[in-house]
Structure formats: structure tokens, C-alpha cells
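Okay, structure first, notes after.
The values are calculated or read from the model by the stated rules, or taken from the named source; none is laboratory data. Note that the structure is predicted; figures quoted are calculated from it, not measured. Glycine also receives a Cβ, built like all others from the backbone with ideal geometry; neighbour counts cover every protein chain displayed.
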Amino acid sequence: MSSLKISYKLQVTSYKLKFKRFSKLFTLHFSLLTCYLLLLYSLSSGTEITGPEVKLQNNEIYVTTALSLEEKHLEELRNGIAKELRFYIDLFRVWNIWPDEFVLGKSFVRTLKCDPVKREYIATSYDGSALIEKRFKSFESMIKWTLSINELKLTNIRELEPGIYFVRITVESKIRKLPPVIGYFIIFLSENEFKIRKDSPSFNIGTVK
């Protein structure tokens, strides 16, 4: 047998071994990814949005809502793990035939940090233009302020066309750091630790035809 044929067979054998190893690694990584996604879902299943409540007063739309974190996330905060939460308060118009129309919205980035040793509780709120930082004497007071939005002035109803509307609240928490193996599948994996949303009851603006 010529040396060329021997070299060719060795290369084919080498490629087959590499392919088998790659298949095993892919199967392992995919299984770990599936387990990780299921774990994330189970951890965030207890997180809920309260409300939203919509009030029309003096031609203004006011929105009140709050986020309730499950004990797992609260315990992480108590242990010093910082969190970043993004709140989206969006106004939609309802159409019978067409999809619901996004009209306008506001957003906030809220951060929570605890130092269990020094017993420091610091939170910030950023709306895209103004940054507010507050220090609290207790964990509970920080949670109450950070996870609540009270009577947010969304818009003046004079700027809206007559119709049926609702407010949608969306809250997402960014993943702090992905496990090394999950990094192989970053293009398939959401950046969110959790993402939930809830709509308010519909309400009328003006005379609806």
C-alpha cells in the first residue's frame, strides 16, 4: 500500500474521531443548556406584576404598578448580589382588525445593591435623562421603593385620538454572568434572567365610534 493511501486513511480516521468528539460535546452542551433554561424558568415563576392600575384625572393618564420578587431573588439581594431591573410602561391602542398599536411609553432602569456586612442598601433609578440614587436604612424600604411605580404621569389624553387603550407593563432582569458552557450557545440564549409582562384593563379615551 502506497504512503499516499495510508496518509489518506489516517486523515479520514482522524476526522471521524473529531466528529464523534464534537457530537458528544454538542449533545452534552445542549443538554446543559436545556437544563439551565428550565432552571431559569422555575426560578422566575414566582415573580409577579401587581396591577397595573390606570387612573384618568385632569386629562392625564396615571399608572400605578409594582413588582413582586420571589424569595430566591430576594435572598440573592440579601447576600450582596446586585440586580438590574428594567421597567417598561407602554400605552397601546386596541384595534378590532389590526394588531394593537403601540402609542408611547416610558422606561426605567432600577438597580439594587446590598452590603450585608455594612448593612448598606443603595438603589438607583434612571429614566434616560435623570439618575436618582437613594440610600435606605432597611432592606424592606429599598425593595418597596425600587419595585414600585406610583401614579406615574404617562401622557395627556388631549394628545390621543379617541379609542380604546390599555397599558402594558414589562419587567426584565438581566443575567449577571453566564456559566462558561452556556457561552457556546450565547446566540440562542436570552440575556434576561426573567422577563414578564401584564396588561391593564382596557379604557376609553374620547367618544369611541
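Could you please tell me which pairs satisfy a Cβ distance under 6 Å, a separation of 6+ or placement on different chains, a first residue in segment 118-130 that is assigned by TED's automatic domain parsing to the domain that holds W145, and a second residue that is hydroxyl-bearing (S, T, Y)?
Matching pairs, first to second residue: A123/T146; T124/T111.
Filter segment 80-103 for residues that are closer than 15 Å to I169 by Cβ and loosely packed, with under 13 Cβ neighbours inside 10 Å and give the result.
F102
Mind checking which residues of segment 132-144 are of a type in the set (D, E) and either surrounded by 12 or more Cβ atoms within 10 Å (Cβ to Cβ) or in contact with an Asp or Glu (Cβ under 6 Å, 6 or more places away or on another chain) (or both)?
none
Out of segment 72-97, which residues are touching a Phe, Trp or Tyr at 6+ places or on another chain (Cβ under 7 Å) and either farther than 30 Å from V117 by Cβ or outside the structural domain of T124 (by TED's automatic domain parsing) (or both)?
D90, L91, F92, R93, V94
Please find, among E151, E161, E172, the residue that is in contact (Cβ under 8 Å) with a residue 12 or more places away in the chain, in a loop (DSSP other than H, G, I, E, B) and within 22 Å of S200 (Cβ to Cβ).
E161
Taking segment 50-71 as the search range and keeping residues that are charged (D, E, K, R) and surrounded by 13 or more Cβ atoms within 10 Å (Cβ to Cβ), which one is farthest from R119 (Cα to Cα)?
E60
Being part of a strand (DSSP E or B), under 30 Å from P162 (Cα atoms) and at pLDDT 95 or above narrows it down to one of F108, F87, so name that one.
The match here is F87.
Looking at segment 117-131 only, could you name the residues that are surrounded by 12 or more Cβ atoms within 10 Å (Cβ to Cβ) and farther than 24 Å from E60 by Cα?
E120, Y121, I122, A123, T124
Among the numbered conditions (1) part of a helix (DSSP H, G or I); (2) on the phi > 0 side of the Ramachandran plot, tell me where G128 comes up short.
In the conditions (1) part of a helix (DSSP H, G or I); (2) on the phi > 0 side of the Ramachandran plot, G128 misses (1) alone.
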